[in-house]
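Since the structure comes first, as structure tokens, the remarks are kept for the end.
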Amino acid sequence: MKKLLSGNEAIALGAYQAGLKVAAAYPGTPSTEILENLAAYKDLHAEWSTNEKVAMEVGMGASYAGVRALVSMKHVGLNVAADAFMAASMTGVVGGLVVVSADDPGMHSSQNEQDNRYFAKFAKVPLLEPSDSQEAYDFMALAFEMSEHFDTPVLLRMTTRLSHSKTVVQIHREDRQITGPGGFNRNPGKFIMLPVNARQRHPLVETRLAKLAVFAESLSINRIAEGTKQLGIITSGVSFQYAMETAPGASILKLGLTYPLPEKMVREFAAGVEKLVVVEELEPFLEEQILAMGINVKGKSLIPRVGELNQDIVRDAFESAGWIETIEKPVQDGLIDEVKTLPKRPPLLCPGCPHTGIFSVLHSLGLRRKTTIGAEAGLVITGDIGCYTLAAYPPLEAMDTCACMGAGIGQALGMEKAGINDRVVAIIGDSTFLHSGITGLINAVYNGSAMTLLILDNRTTAMTGHQQNPGTGFTAQGAPAPSVNFANLAKSCGASDVQEVDAFDIKALRSVLKSALDSRSLNVIVVRGSCVAITPGGGEALTIDTERCTQCGTCLSLGCTAIRKGAEGELTIDNQLCRGGACRLCQQLCSHQAIEQIIKKVV
Amino acid sequence: MVKMNVLIAGVGGQGVVLASDILADVALEAGLDVKKTDTLGMAQRGGSVVTQVRIGEQVASPLIGDNDVDLLLAFEKLESGRWADRLKKGATVVLNDYSVPPLSVSQGAEAYPGDSEISHLLKHRGADLITIHGSLHAAEMGNPKILNILMLGALSMLTPFNPELWIEAISKRLPPKIIEINLKAFQRGRKDLLSILAEMSAESGLEIDGHGDDCGCH
Ligand SMILES: Cc1ncc(C[n+]2csc(CCOP(=O)(O)OP(=O)(O)O)c2C)c(N)n1
């Protein structure tokens, strides 16, 4: 049967059919749909773990107990999981353990574009790179077999373009490989990495790598498509498609297993072509290894190291090297520049977002300054990653830092200890707090911080598409679960001054925040209000009474996209977008009582 | 030989991705190779959404190359302009006459481009611009959400695929409750496109009987 599947859907199906029993992940674009698809199957355990490290550990435990396990995450998730990942390489596996890293060349939705292929080399584990959904599907069974045969975790590297493109997949089977229930055989030498045991394991890891290198030579997913002798291309992942598009007549060595490399195969291929080039996205991962073999190869001197590739970039590179005929380019008619002047449509907080109120209050306190060096004390807001990061944009502009998940709390403490004379507020979302904020809070309490911590509990993991988390009361597979009480959790971390406040009550937000900022000791405010995407609207909207409206524009300061300023300065509310009575933020800000509630017109 | 690069653009919530899924299903059912890729941006709602669908005997890259868009189906005017520089010479643009102001416009900081500016951008490289009143007609039919299927109806007139394939694909992708109204929207889109084409040809004196169910475009 043929089906159109995204790379992520293909991974889920391939893993399921290969007898997967335990899947663990933390959401992160572009990897999220892998676990979402797996969660739909009832004959396996699929979970949102609190973070990637925990997910990795769950995968290790399942593997030790003899079943096949999959751990998936976005590229930066592997940084969080690295400690466990490196350890898993040392212990090896029992049941197959596959780790999927979804990288994000071009940073479509990430803070960096690190090339996680280096993690395979770093951890000395095999690396698979599919080039389309068919391979993503096919490689899963192979990955589990390799993992078990070679006693190693296997890293499978996706990229945004592969994860989020749908391509045709020939599905080979309807059924699912039958596997028994888990069972654990004690084996201290393998599972207890005390130095004495670890010293025994390291040589085994090296031998494993050598065996894998031999295996790579005969593996069918490393293959040569013979073409002209003039140009030889070595490539992997989605770059293969761009190479095919650009130089279909060239000889191509397509690598499915990119670590360890099949050295003999590479040498033979190189010897058979006149010019040799590596086409790979981001870092010169293959190029460096091939250069280290003493083979003369071109790569990053022609093909950019920064950003996502496409066929045009590869074509330009080949044309500039004179390897392919130059095609006629459209005239430089300046159209691109004209297009660039069109108004942008950047990502924004939704109308009715529970994050808007608190940021609007923070913005309106009059304490936000460009610098406080040599000036009056102001308000510094260290932030974190989630929908609320969008409050960094105008008109709210109420966030000063965003680096990696959980970072805001540690950064706030660091700023305090550096001796700045501003008040420091750290802001973090519910899922992010559970992911990596708790340790930061304990540390801040322990080390005598006076910060204000705002935990924005919108009852979901919104930014990545509304996944459940331990605060929401449901598991990834939809079962009811205990839900974390954030106020109690903060108290348990040692914070004595903890308050909860309604995210849509401007007056309460302002007064709680003011007293928090006046306080000279650490305090935590849990801002609660459910995400508009998970709580459907109540059928009503707000409207502006043009008689009373003075067009002062205060309501516009929320940055709500439902409120519009017309050509004559008149203000209106789009009643299809407005969340109505569940929000009312603009109504509370309006000092002219010009905003009223109406029943939504059903268009 | 069919070879078609279709770019569908709109804003979050307009159903762009579902439309592209259905187009891809139809191409697959017609026995062709197809690849499609979505770019959603970071936000859940209200941001620019674009999806690229490549159809052919064999497709390598999931991305449409520079200046290689044969057909642009735009659900919103500003978003149509954003992709003008990706159009192939002589491409076709089907545009929904509808605007959603971005924040900078609704805050009064920037102006929404006028229709002449948009059409200047789109026609810069000689594209045929077909404007249909998709949102208006969807609202008239009682449900603005059917816009995406109405737009597909219009697009279907410019593709070589049998209407049966479209109807089957739409029915498979949608919940039973809303299939009927969406199939009506599909037919409405087909009709709308035909009547606009007829108007355009009357104006220019062109013959346009080739663009139908089995036009061998591209
Ligand atoms: C290590 C790591 N894992 C995952 C992500 C992807 N990611 C970005 S924000 C976020 C969660 C945001 O949820 P929450 O903190 O509840 O804020 P919300 O978006 O709901 O406002 C995730 C999973 C990331 N950036 N880094």
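Here are a few things to note about the model shown:
- From its DSSP helices (H runs of at least four residues, each -39,500 (n - 2.57)), chain B gives a residue-normalised ellipticity at 222 nm of -12000 deg cm²/dmol.
- Exposure check, 1.4 Å probe, all protein chains in place: A:CYS552 carries approximately 80 Å² of accessible surface.
- Chain B: relative contact order in percent, alpha carbon pairs under 8 Å with at least 6 residues between: 20
- The lysines whose alpha-carbon is closer than 16 Å to the alpha-carbon of A:LYS74, local same-chain residues fewer than 8 away aside, are A:LYS53.
- In summary, the convex hull built on the alpha carbon positions of the stretch B:3-204 has an orientation-averaged projected area of 11.6 nm².
- Look at the dipole of the stretch B:3-204 built from charges on Cβ: of B:PRO102, B:SER171, B:ASN67, the Cα furthest out on the positive end belongs to B:SER171.
- Taking amide H as placed 1.01 Å from N in the peptide plane, A:GLY429 has its amide H under 5 Å from the amide H of A:LEU456, each at least 5 places away in sequence or on another chain.
- Charge dipole magnitude, Cβ of K and R +1, D and E -1 - the stretch A:70-212, Cα centre, debye nearest 20: 520
- Cut-off under 5 Å, modelled amide H: who pairs with A:LYS300 long-range: none
- Karplus-derived 3J(HN,Hα) values for the stretch A:111-121, using 6.51 cos²θ - 1.76 cosθ + 1.60 with θ = phi - 60°, are 8, 8, 10, 4, 9, 6, 4, 5, 5, 5, 5 Hz; glycine and proline are entered as x.
- Volume per residue for the stretch A:1-152 equals 101 cubic angstrom (convex hull of Cα atoms).
- Karplus 3J(HN,Hα) series, Hz, for the stretch A:295-302 with 6.51 cos²θ - 1.76 cosθ + 1.60 (x for Gly, Pro): 9, 7, 9, 9, x, 5, 5, 10
- Among A:LEU35, B:VAL17, A:LEU13 - extreme Cα towards positive end, dipole of the protein assembly as shown, charges at beta-carbon: A:LEU35
- For A:GLY378, nonlocal amide neighbours, meaning residues 5 or more places apart or on other chains whose placed amide H falls under 5 Å from its own, are A:ASP422, A:ARG423.
- Taking every C-alpha pair closer than 8 Å and separated by at least 6 residues, the mean separation divided by the residue count of the stretch A:223-320 gives a relative contact order of 31 percent.
- For the protein assembly as shown: rounded, prolate or oblate by the Cα gyration tensor [a/c cutoff 1.5]: oblate
- Measuring between alpha carbons in the structure, the pairs from A:LYS254/A:LYS298; A:LYS340/B:LYS36; A:LYS329/B:LYS77; B:LYS123/B:LYS191 lying more than 18 angstrom apart are A:LYS340/B:LYS36; A:LYS329/B:LYS77; B:LYS123/B:LYS191.
- Cross-link partners of A:LYS507 among lysines (Cα-Cα below 27 Å; sequence separation of 8 or more within a chain): A:LYS370, A:LYS491, A:LYS565, A:LYS600
- Its Cα centre serving as origin, chain B has a Cβ charge dipole (Lys and Arg +1, Asp and Glu -1) of approximately 540 debye.
- Shielding value for B:85-92 is 2, the average number of Cβ atoms from other chains within 10 Å of each residue's Cβ.
- J(HN,Hα) series, the stretch A:476-481, from Karplus relation 6.51 cos²θ - 1.76 cosθ + 1.60, nearest Hz, glycine and proline x: 4, 8, x, 7, x, 9
- Helix-only arithmetic for chain A: the sum of -39500 (n - 2.57) across DSSP H runs with n ≥ 4, divided by the residue total, places the mean residue ellipticity at 222 nm at -10000 deg cm²/dmol.
- Translational diffusion coefficient of the stretch A:210-365 (Stokes-Einstein, Kirkwood radius from Cα pairs, 4 °C, 1.567 mPa s): 70 µm²/s.
The values are calculated or read from the model by the stated rules, or taken from the named source; none is laboratory data. Keep in mind it's a predicted model, so treat the numbers as computed, not measured. Quick reminder, even Gly has a Cβ in these numbers, built from the backbone with ideal geometry, and neighbours come from all protein chains shown. To get the accessible areas, we keep the full protein, side chains included, count just its heavy atoms, and leave off ligands, DNA and RNA. Shrake-Rupley method; radii C 1.70, N 1.55, O 1.52, S 1.80 Å.
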